[in-house]
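This report concerns only the one structure given below.
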Amino acid sequence: MALAEFTPDVDDAFDPVSTWVGWQRYVDSAPATAVADDSGWSREQRLDYHSQFVVVVTPAMERVSIQLQRMLLVNRRHRGTARRGLIVSGPPNTGKTTMLMELGRIFELTDRRKHPGVQDRLPVAFVSVPPASTPKMLVTEFARFLGLPVLQRMNQAAITDAVCATLCELRTQLVLVDDIHLLDTRTRSGAETSDQIKHLGERIPATFVYAGVDVHDSPLLIGPRGQQLAGRFKLLRNDPLPYGTVAQRDVWEELVRDLEGALRLRNHRPGSLARQAAYLHRRTAGVIGSLSHLLREAAVTAIMDGTETITKSLLEDLELDIRAEQQLLAPVPAQRRATAKRAGDKR
């Protein structure tokens, strides 16, 4: 699996990726080339590195990437109505937002290589659906991303016109919308906001990709508006990684090896975490966000206490998010216990 590595950045300024400045900083600060030599890094730089860490390309990310490439080609010369799009759905903390950001970053870097030196382009726009969103609130998020002034006297139509004109002028090709599950089409404001998204899709010649928590079970796809959305979008699942079959265990273990190989610890023995793959799956239930957090916190702890290595004892001393800790305490079905025992016996 490929890794998108990190280059230490001493600038601590924070700009959310839902603004143009923040998005450009994200794209510029996460080069795809690996950092091979960290021998000159200070302790603080290595702490910063593990705070941001790397992005691993999971099977779900590869699947969504392939689907997105195809969709972009299908939509390239599409005219008239809203283009086809993608919805990435899955439980919390499975890496949906990270996936959205990484795919957008790769797309923008590719576009820059195709148009070197061109400044008046914005290949990717990234927004998040605000809580209890109204149509005006949603389109204002687009205006905020673009840095467009939104005056108090401006109504929804005026803001929409300014947003659509700007995105068309900047030749935006990919629009990423996070937290789409916050739209409840059973409510009036949710239904009207869903209509606003459809309207934007018809006026902006771009491919839209949505991401949200368990969208497949959410009100977003219910009723006439939901059915209309379902007729234009493919839904791709981003679920926790299973550990039942040999092939599934191989995928998980490769992911653990990739993350372990990205550690910047002075005394860590390569392969020691890979040998704990079954334990790490049990701790995290195959949730990539929980795994990444566990290893990042362990690495930071190891640097702080001077041991510079991650052991099982250290991992057991760390608490994960509430969801991960609750599932760890849940009864394990007999079939899963037998599978885990067989995996342990083989080691």
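The values are calculated or read from the model by the stated rules, or taken from the named source; none is laboratory data. Worth saying up front: this structure is predicted, and the values here are computed from it rather than measured. Here the Cβ is made from the backbone with ideal geometry for all residues, glycine too, and neighbour counts use every protein chain on show. Surface areas here come from the heavy atoms of the whole protein model, side chains and all, with no ligands, DNA or RNA. Shrake-Rupley method; radii C 1.70, N 1.55, O 1.52, S 1.80 Å.
Couple of notes before you dig in:
- For the stretch 58-122: Kirkwood Rh in Å [reciprocal of mean 1/r, alpha carbons]: 13.6 Å
- For the stretch 257-331 and the stretch 62-129, distance of Cα centres in Å: 31 Å
- Cα gyration tensor category, rounded, prolate or oblate, for the chain with a/c compared to 1.5: prolate
- Modelled this way, with points 7 Å down the Cα-to-C-beta line, the labels at H199 and A230 are 2.5 nm from one another.
- Relative packing of 147-155, 269-277, 84-92, which averages over residues the other C-beta atoms within 10 Å, highest first: 84-92, 269-277, 147-155
- Stretch gain in nm, segment R144-R186, where the contour uses 0.36 nm per residue and the Cα spacing is subtracted: 12.4 nm
- The residues of the chain present an accessible area of 50 Å² per residue when probed at 1.4 Å with all protein chains retained.
- Overall, the accessible surface of the chain at a probe of 1.4 angstrom is composed of carbon and sulfur to the extent of 54 percent.
- Beta bridge orientation in the chain: antiparallel %, DSSP, nearest 5: 10 percent
- Between T110 and Q24, the modelled labels are 2.3 nm apart [label points 7 Å from Cα along Cα→Cβ].
- Total lysine pairs whose alpha carbons fall under 26 Å of each other in the chain (8 or more apart, or interchain): 7
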